[in-house]
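Novice: Structure below; questions to follow.
The values are calculated or read from the model by the stated rules, or taken from the named source; none is laboratory data. Computed from a predicted structure; not experimentally measured. So basically every Cβ, Gly included, is an ideal-geometry build from the backbone, and we count neighbours across all protein chains shown.
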């Protein structure tokens, strides 16, 4: 074999062996801070958003099969209060200490600047069902029925235009 071929093979082996070893040592010696109070790594948000978009696939095409009515919305309120409000908030209430301590910070879903009412309902349903790895967002596919996950999705999809009865139920109770 020629000298150039050996150099190419050596370079390839170097990259294949040294790059993973370097990455391991970077992590092993504290290069990635795991504290929720630590500053994010460069490009961390970009990588997370890119991975999430790839995971969502065609979820945006899913449509809520339930009728948009007060009984379904009120069921969504009850489920949201039991499972979501501690992290994602309630209307006109400040974030809880738990929400303030999470990284990344969970969106306050009834804050007009953070609500998901403009997201496709299939995307919200996917997030409720599967959760988001390394974010604190659990998946509820094993603990809530399909109908219940759609009811929570419906509530969030219409968070900017709730009926007085639904808004009243949402703000009168909950986990706080």
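Novice: Hey, among the residues in segment 8-24 that are modelled with pLDDT under 90 and either assigned by TED's automatic domain parsing to the domain that holds residue 136 or within 29 Å of the chain's Cα centre (by Cα) (or both), which one's farthest from residue 102 (Cα to Cα)?
Specialist: 20
Novice: Could you check how many residues of segment 131-142 are surrounded by fewer than 19 Cβ atoms within 10 Å (Cβ to Cβ), in contact (Cβ under 8 Å) with a residue 12 or more places away in the chain and at negative phi?
Specialist: Counting residues in segment 131-142 that are surrounded by fewer than 19 Cβ atoms within 10 Å (Cβ to Cβ), in contact (Cβ under 8 Å) with a residue 12 or more places away in the chain and at negative phi gives 3.
Novice: If you scan segment 94-110, which residues turn out to be closer than 23 Å to residue 37 by Cα and part of a loop (DSSP other than H, G, I, E, B)? Give the derivation first.
Specialist: Step one: filter segment 94-110 for residues closer than 23 Å to residue 37 by Cα, giving 94-109.
Correct list: 94, 95, 96, 102, 103, 104, 105, 106, 107, 108, 109.
Novice: Can you tell me how many residues within segment 143-163 are in a loop (DSSP other than H, G, I, E, B), surrounded by 15 or more Cβ atoms within 10 Å (Cβ to Cβ) and in contact (Cβ under 8 Å) with a residue 60 or more places away in the chain?
Specialist: The qualifying residues number 3.
Novice: Would you mind stating whether residue 166 is in the same structural domain as residue 63 (by TED's automatic domain parsing), part of a loop (DSSP other than H, G, I, E, B), surrounded by 14 or more Cβ atoms within 10 Å (Cβ to Cβ) and in contact (Cβ under 8 Å) with a residue 40 or more places away in the chain?
Specialist: No.
Novice: Answer with yes or no whether residue 99 is at pLDDT 95 or above, on the phi < 0 side of the Ramachandran plot and out of contact with any helix residue (DSSP H, G or I) (no Cβ under 8 Å at 6 or more places or on another chain).
Specialist: No: the conditions fail for residue 99.
Novice: Let me ask something additional. Of all residues in segment 28-52, how many are surrounded by 11 or more Cβ atoms within 10 Å (Cβ to Cβ), free of Cβ contacts under 8 Å to residues at least 60 places away in the same chain and in a helix (DSSP H, G or I)?
Specialist: 5
Novice: Moving on to the next point. Return a yes/no flag: does segment 55-77 have any residue that is closer than 22 Å to residue 161 by Cα, over 13 Å from the mean Cα position of the chain (by Cα), free of Cβ contacts under 8 Å to residues at least 60 places away in the same chain and not in a loop (DSSP other than H, G, I, E, B).
Specialist: yes
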